[in-house]
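Structure first, commentary second.
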Amino acid sequence: MLVRLIYASHTQDAISGKLIDDILAQSQTRNPANGITGLLCYSQNTFVQVLEGGRAEVNKLFQLLAQDKRHQDVTLLKYEEITERRYANWAMARVALDKLNMSLLLRYSDQARLDPFSVSGESTARLLEALAEAGALCSRD
């Protein structure tokens with residue numbers, strides 16, 4: 001059974017390029033072996049991540065991420081059974097929202113900054129889908 005999980009977290013300090021590179025390298029090495037695909041979206045000190053794959057594998061990874069010292073305030077935003085993946089081509093794609101037009105954020109939020117803690121899980125899911133449709137996803141630099 002396939003599932004999609006979306007969660008948000010904070011970091012203590014601003015998100016650096018090295019931190020993103022480390023997370024993506026680890027994801028792109030481990031996720032394919034576990035059948036996990038997804039997307040990492042970030043801005044300043046906030047992460048939003050989508051994980052897709054088998055229920056057991058996604059749940060296990062989420063539990064590991066919740067204990068990862070790089071993440072604070074880990075919050076489950078949405079969890080659903082799915083019939084197909086939206087991010088099947090990505091072991092872990094990324095989007096740096098600081099480099100995008102903030103008007104896209106305003107379509108799904110009352111403010112022009114990433115704050116998944118103040119909007120519904122559905123709004124966050126739609127934002128991520130819009131980013132994918134806009135071609136904003138990419139792999140490591």
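The values are calculated or read from the model by the stated rules, or taken from the named source; none is laboratory data. Fair warning: this is a prediction, and the values are worked out from it, not measured in the lab. Methodologically, a virtual Cβ is constructed for each residue, glycine included, from the backbone with ideal geometry; neighbour enumeration extends over all protein chains shown.
A few notes on this one:
- Screening the stretch 107-118 for residues that are among the hydrophobic types (A, V, I, L, M, F, W, C) and surrounded by fewer than 19 Cβ atoms within 10 Å (Cβ to Cβ) and picking the one that is modelled with the lowest pLDDT gives A112.
- Residue list for the stretch 23-44, filter: under 12 Å from L2 (Cα atoms) and among the hydroxyl-bearing types (S, T, Y): T37
- Failed criterion for F47 (all others in (1) part of a helix (DSSP H, G or I); (2) of a type in the set (A, V, I, L, M, F, W, C); (3) under 14 Å from L5 (Cα atoms) hold): (1)
- In the stretch 71-86 there is no residue matching the filter, namely being farther than 23 Å from S120 by Cα, in contact with a strand residue (DSSP E or B) (Cβ under 9 Å, 6 or more places away or on another chain) and of a type in the set (S, T, Y).
- Members of the stretch 14-67 that are touching a Ser or Thr at 6+ places or on another chain (Cβ under 7 Å) and among the aliphatic types (A, V, I, L, M): V48
- Selection of the stretch 10-49 for residues being among the β-branched types (V, I, T) and more than 26 Å from R113 (Cα to Cα) yields T29, I36.
- Residue within the stretch 1-18 that is closer than 26 Å to E81 by Cα and modelled with pLDDT under 90 present: no
- Exactly one residue among Y79, Y7 is within 21 Å of S118 (Cβ to Cβ), in contact with a helix residue (DSSP H, G or I) (Cβ under 8 Å, 6 or more places away or on another chain), of a type in the set (S, T, Y) and assigned to a strand (DSSP E or B), and that residue is Y7.
- Residue match in the stretch 105-122 (condition: closer than 17 Å to M1 by Cβ, touching a helix residue (DSSP H, G or I) at 6+ places or on another chain (Cβ under 8 Å) and part of a loop (DSSP other than H, G, I, E, B)): no
Residue-wise test of (1) in contact with a Gly (Cβ under 6 Å, 6 or more places away or on another chain); (2) hydrophobic (A, V, I, L, M, F, W, C).
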{"position": "R4", "(1), (2)": "no, no"}
{"position": "A8", "(1), (2)": "no, yes"}
{"position": "I15", "(1), (2)": "no, yes"}
{"position": "L19", "(1), (2)": "no, yes"}
{"position": "I23", "(1), (2)": "no, yes"}
{"position": "A33", "(1), (2)": "no, yes"}
{"position": "L51", "(1), (2)": "yes, yes"}
{"position": "R55", "(1), (2)": "no, no"}
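- Pairs linking a residue in the stretch 13-33 that is more than 17 Å from L51 (Cα to Cα) to a residue that is part of a helix (DSSP H, G or I) and among the hydrophobic types (A, V, I, L, M, F, W, C), with Cβ atoms under 9 Å and 6 or more positions apart or on different chains, are D13/L19.
- Candidates in the stretch 38-76 are the residues that are among the β-branched types (V, I, T) and farther than 19 Å from D21 by Cα; of these, the one that is surrounded by the most Cβ atoms within 10 Å (Cβ to Cβ) is V58.
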